[in-house]
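Have a look at the structure below, then the notes.
The values are calculated or read from the model by the stated rules, or taken from the named source; none is laboratory data. Being a predicted model, the structure only gives us computed values, none of them experimental. Cβ: placed from backbone, ideal geometry, glycine included. Neighbour counts: every protein chain shown. Ligands, DNA and RNA are stripped out before the accessible areas are found, and what is left, the full protein with its side chains, is counted by its heavy atoms. Shrake-Rupley method; radii C 1.70, N 1.55, O 1.52, S 1.80 Å.
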Amino acid sequence: MNSLAKKVLDTFKFSFEVEPLLVFSPGRVNLIGEHTDYNNGFVLPAAIDKAIVLAFAKNSTGLIRLQSVDMQPKYYSTKMSDNLSKSGIDWADYIIGVVDEMQKAGHDIQGFDCVFGGDVPIGAGLSSSAALEGGVAYGLTKLFNLNASRLELTKISQLAENNFVGVQCGIMDQFASIHGKEKSVMKLDCLTLEHEYYPFDWDDVCILLCDTKVRRTLAGSEYNVRRQQCEEGVKIIKKSHPHIKSLRDVTFEMLAEHKYKIDEVVYRRCMYVLNENKRVLDACSDLLASNLEDFGAKMYQSHYGLRDNYEVSCDELDYLVEATENLDGVLGSRMMGGGFGGCTINLVKTNEIENIKSAVGEYYKSKTGQLPGFHVVKIGEGTHELELNEVLQ
Ligand code: GLA
């Protein structure tokens, strides 16, 4: 991470010739609780040690001047205004979108320079976009001395993605990246936004991500379809239970009572969400009891629900999970994030990791002709400022 931070710092100094403010903004994993956030349910994510590092300084040009150290095109600049428009460049829209939402929230932002780079794999389901958004929101707050809480920055980042980028994502990714705590997962109630940290730190167990290397081309549209299907289920149940606002308020009994009125696909989507919410709460009890066997079994159940009922998995993700099913040292495995590609998250015994990687690699290769990627990730702190002298050491 230090070499990345140093690269961003050096690039900034070369381009703009001043000392910047440096911000570390992590990607995230989600242990369990998938596609529940936009249904006002529960999730169990954590920030990781893979991140985007951003350097900021004010300028007096009235421009937003942006530079990426590892993406093309490298540069984008635009005039600061109350009416910012889309840049036509993927990465720049995440940044401009945050500026736009900060202005809408009444924060005074002037011209600034920003250089950024990261080691969060893009499109792998590790929320590189949320890391970029949260890093910009946090950096601008520091730079312009704004009065904004971490919660407000989370909401601004999500709105940027919803309104400017056009993905109707829930709040989990931005929340986890901004609120992460070292060695802890957070149980987030996406209805109240209350969150509680659970220690997640074992000497003999670690988190291994297996990467299908399939990037989520279909995810955008299918994601929005899942949201609509959940809303359709709610609409039907609401007719006889008017207080229902989301699937969070729906019980198993209510769903059963309405089964005959609900389209079969919509019913399966709703059933998955109800089960997954219950699994998150039960998995938290497993954590408190340090029962990682039961916790891991719920990760598998989560995957099977996402595969069979929510239908957001893909063959490649299923192969990666299948490969672990009878493997020594694997406690749990499931697809992670929006689906249709990206990574599986695996809870594995540290001393078995090399055997696991080679067995999973071999199985995946026999099915797809390709090797998967592997990343061992550690749970780390949420978005924070980096001290320049730390980086220069
Ligand atoms: C994406 C979205 C999140 C969440 C997950 C699925 O990562 O950005 O808000 O809905 O998918 O759990």
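Accessible surface for LEU66 stands near 10 Å², nearest 10, in the context of the full protein assembly shown (1.4 Å probe).
With the chain treated as a Gaussian network of Cα nodes joined by springs under 10 Å, which of SER240, SER87, SER333 yields the largest mean-square fluctuation? Looking only at SER240, SER87, SER333, the biggest GNM fluctuation is shown by SER240.
Dipole magnitude for the chain: about 900 debye, using +1 per Lys or Arg Cβ and -1 per Asp or Glu Cβ, origin at the Cα centre. Magnitude of the charge dipole for the stretch 35-170, about its Cα centre and with charges confined to Cβ atoms of Lys, Arg (+1) and Asp, Glu (-1), is about 260 debye.
Under a model in which nothing but the beta-carbon of Lys, Arg (+1) and Asp, Glu (-1) is charged, the stretch 205-377 shows a dipole of about 740 debye around its Cα centre. Here the label points at GLU264 and LYS183, each 7 Å from Cα along the C-beta direction, are separated by 5.1 nm in the simple model. If the cut-off is 17 Å between C-alpha atoms, which aspartates and glutamates fall inside it for LYS104, apart from same-chain ones fewer than 8 positions away? Partners within reach: ASP82, ASP93, GLU133, GLU152, GLU161. Counted over the stretch 205-377 with a bin width of 5 Å, the fraction of Cα pairs per bin, in whole percents, is 1, 9, 16, 18, 17, 14, 11, 7, 5, 2, 1.
With a sphere of radius 10 Å drawn around the Cβ of MET102, what net charge do the other residues whose Cβ falls strictly inside it have (Lys, Arg +1; Asp, Glu -1)?
On the way: positive: LYS104; negative: ASP100, GLU101, ASP108, GLU152.
Its environment carries a net charge of -3.
In the elastic network of the chain, a GNM with C-alpha springs shorter than 10 Å, the most mobile of PHE112, PHE252, PHE56 is PHE252. Projecting the Cα atoms of LEU151, GLY139, GLY106 onto the dipole axis of the chain, where Lys and Arg carry +1 and Asp and Glu carry -1 at the beta carbon, places GLY106 farthest toward the positive end.
Listed by chain and number, the lysines placed with their C-alpha closer than 19 angstrom to that of LYS6 are LYS50, LYS74; residues fewer than eight positions away on the same chain are left out.
Based on the reciprocal of the average 1/r between different C-alpha atoms, the Kirkwood radius for the stretch 99-160 equals 12.3 Å. Taking label positions 7 Å along the Cα-Cβ direction at both MET71 and SER366, the computed distance is 3.9 nm, reported to one decimal.
Go ahead and estimate [θ] at 222 nm for the chain from helices alone: -39,500 (n - 2.57) per DSSP H run with n ≥ 4, summed, over the residue count, rounded to 500.
-13500 deg cm²/dmol
Rg/Rh for the chain stands at 0.98; both radii use Cα atoms, and Rh follows the Kirkwood definition. Compared with the dominant Cα axis of the chain, that is its longest principal axis, helix 353-368 is turned about 80°.
At a 1.4 Å probe, what is the % contribution of carbon and sulfur to the accessible area of the stretch 146-231?
Roughly 47 percent of what the probe reaches on the stretch 146-231 is carbon or sulfur.
Which angle from 0 to 90°, rounded to the nearest 10, does the C-alpha axis of helix 264-288 make with the longest principal axis of the chain? Relative to the chain, helix 264-288 is tipped by roughly 80 degrees. For the chain, the longest principal axis of the C-alpha atoms and the axis of helix 150-159 are separated by about 80°. How far is the Cα center of the stretch 285-348 from the Cα center of the stretch 112-138, in Å? The stretch 285-348 and the stretch 112-138 have Cα centres spaced 26 Å from each other. In the structure displayed, which of LYS245/LYS298; LYS183/LYS245; LYS155/LYS367 lie more than 32 Å apart, Cα to Cα? The pairs that break the limit, which is 32 Å between Cα atoms, are LYS183/LYS245; LYS155/LYS367. For the stretch 222-280, the relative contact order works out to 37 percent when only alpha carbon pairs closer than 8 Å and six or more residues apart are counted. Accessible surface area normalised per residue over the stretch 79-134 is 34 Å², counting heavy atoms of protein chains with a 1.4 Å rolling probe. Note on ASN326/GLU387: beta-carbon distance plugged into 1/(1 + (r/R0)^6) with R0 of 51 Å gives a FRET efficiency of 0.60.
Computed packing ranks the peptides 274-284, 195-205, 5-15 as 274-284, 5-15, 195-205, most packed first, by mean other Cβ atoms within 10 Å.
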